[in-house]
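J.: Encoded as structure tokens, here's the structure I'll be asking about.
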Amino acid sequence: MALFPRTPRATRLPDDVVSRMERFGRFEFDPGGTDIDASDVWGELQAPFLPFAQSDPEGFARALADAVLPAGGFALFGAARTVWNLAGSDFSSPAYDAVRMAALEFFRANGVPSNRLSADDWRFWQEKRSEPWLVGRPRPTPEEARITPLALGELRRIAQITEAPDSNVVYVAAAHDSRFKAVIDAPTSDTDPTRGRFDWTSADTLHDLYTRIGEAFQTPVHWVADELRPFVPLPPSRF
């Protein structure tokens with residue numbers, strides 16, 4: 001039995017709709033981490049659904065829900081993003097909401113931090129659910145933390161975001177106003193590989209600065225210094 005009442009237009013979905021939604025979901029979540037050519041995404045994974053989505057958005061959402069809710073996984077996210085793209089960001093229906101929530105529950109169950117969600121998905125979760133997204137370990141107190149004092153003029157490397165040779169690197173240093181600041185060493189832009197250093201955030205103490213950095217990361221990045229690691233509240237995501 002279908003999870004949502006079908007209409008004749010549900011037959012417009014291709015037989016491989018679940019695999020297409022799964023591929024699109026993986027691409028939307030992490031374009032660089034898939035083998036999907038970005039130039040193929042629209043033509044293969046979105047455009048074929050456009051006539052159905054525009055002529056009958058309610059039926060399209062119900063048909064997708066019937067296909068992907070039993071399958072689960074990234075197909076849920078792919079379907080949710082497909083409805084968003086093709087039916088419009090202001091579209092809403094019980095079937096679409098069910099798929100969207102199931103996609104978020106899938107991410108939550110796999111430890112995906114909230115900073116990986118879009119602003120709209122995060123707002124949707126907060127409107128529909130009252131429990132926290134994930135609960136991390138408490139930050140260490142100033143007495144518990146083992147932070148080596150910064151030497152005069154020291155620029156301390158505390159994190160590298162990815163394993164790529166051109167990855168952003170985070171340093172901490174003393175600021176001119178007796179505060180402490182985080183500095184990001186990164187390429188100037190996507191088209192200019194020349195590296196520069198840019199102030200990110202600051203705090204009155206190193207403890208408070210490490211707290212801000214840990215909360216911004218939420219999960220460990222590629223490399224984290226031992227003294228910063230206790231401030232990162234969540235374990236690595238499964239994705």
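J.: When the residues of the range 33-63 are narrowed to those that are among the β-branched types (Val, Ile, Thr) and in contact (Cβ under 8 Å) with a residue 12 or more places away in the chain, which ends up surrounded by the fewest Cβ atoms within 10 Å (Cβ to Cβ)?
T.: Among residues in the range 33-63 that are among the β-branched types (Val, Ile, Thr) and in contact (Cβ under 8 Å) with a residue 12 or more places away in the chain, the one surrounded by the fewest Cβ atoms within 10 Å (Cβ to Cβ) is Ile36.
J.: If you check Ala186, Ala164, Ala182, Ala175, which single one turns out to be over 20 Å from Pro138 (Cα atoms) and in contact with a Leu (Cβ under 8 Å, 6 or more places away or on another chain)?
T.: Going through Ala186, Ala164, Ala182, Ala175 in turn, just one is over 20 Å from Pro138 (Cα atoms) and in contact with a Leu (Cβ under 8 Å, 6 or more places away or on another chain): Ala182.
J.: Mind listing whichever residues of the range 71-86 are open to solvent by 20 Å² or more (accessible area, probe 1.4 Å) and within 14 Å of Leu13 (Cβ to Cβ)?
T.: Passing the criteria: only Ala71.
J.: If you don't mind, there's one more thing I want to ask. Can you work out which of the residues in the range 222-239 that are open to solvent by 30 Å² or more (accessible area, probe 1.4 Å) and touching a Pro at 6+ places or on another chain (Cβ under 6 Å) is farthest from Phe107 (Cα to Cα)?
T.: Out of the qualifying residues, it is Pro230.
J.: A follow-up question, please. I'd like to know if the range 23-38 contains one or more residues that are of a type in the set (Val, Ile, Thr) and at pLDDT 95 or above.
T.: no
J.: Thr148 versus (1) among the β-branched types (Val, Ile, Thr); (2) more than 28 Å from Gly196 (Cα to Cα); (3) open to solvent by 60 Å² or more (accessible area, probe 1.4 Å): which is the lone unmet condition?
T.: Here Thr148 clears every test but (2).
One line per residue, one yes/no per condition, for (1) touching a residue at least 60 places away in the same chain (Cβ under 8 Å); (2) over 30 Å from Phe74 (Cα atoms); (3) in a loop (DSSP other than H, G, I, E, B):
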position	(1), (2), (3)
Glu105	no, no, no
Asn115	yes, no, no
Arg123	no, no, no
Thr148	yes, yes, yes
Gly153	no, yes, yes
Ala159	yes, no, no
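J.: Consider Asp30 against the criteria (1) of a type outside the set (A, V, I, L, M); (2) open to solvent by 30 Å² or more (accessible area, probe 1.4 Å); (3) touching a helix residue (DSSP H, G or I) at 6+ places or on another chain (Cβ under 8 Å): it satisfies all of them except one. Which criterion is unmet?
T.: Exception for Asp30: condition (3).
J.: Output the residues belonging to the range 182-194 that are open to solvent by 50 Å² or more (accessible area, probe 1.4 Å) and touching a residue at least 12 places away in the same chain (Cβ under 8 Å).
T.: Pro193
J.: Next question, about the same structure. Does Arg100 satisfy the criteria of being open to solvent by 50 Å² or more (accessible area, probe 1.4 Å), in a helix (DSSP H, G or I) and either among the charged types (D, E, K, R) or touching a Ser or Thr at 6+ places or on another chain (Cβ under 6 Å) (or both)?
T.: In short, no.
J.: What are the pairs, 6+ residues apart or on separate chains, where a residue within the range 78-92 that is in a loop (DSSP other than H, G, I, E, B) has its Cβ under 6 Å from a residue that is surrounded by 15 or more Cβ atoms within 10 Å (Cβ to Cβ)?
T.: Pairs that qualify, where the first residue is in a loop (DSSP other than H, G, I, E, B) and the partner is surrounded by 15 or more Cβ atoms within 10 Å (Cβ to Cβ), are Phe91/Pro57.
J.: Let me ask something else. It is to be established whether one or more residues within the range 207-221 are open to solvent by 60 Å² or more (accessible area, probe 1.4 Å), out of contact with any Cys (no Cβ under 8 Å at 6 or more places or on another chain), modelled with pLDDT of 95 or more and in a loop (DSSP other than H, G, I, E, B).
T.: no
The values are calculated or read from the model by the stated rules, or taken from the named source; none is laboratory data. Being a predicted model, the structure only gives us computed values, none of them experimental. Cβ sites come from the backbone with ideal geometry, for glycine too, and all protein chains shown count toward neighbours. Ligands, DNA and RNA are stripped out before the accessible areas are found, and what is left, the full protein with its side chains, is counted by its heavy atoms. Shrake-Rupley method; radii C 1.70, N 1.55, O 1.52, S 1.80 Å.
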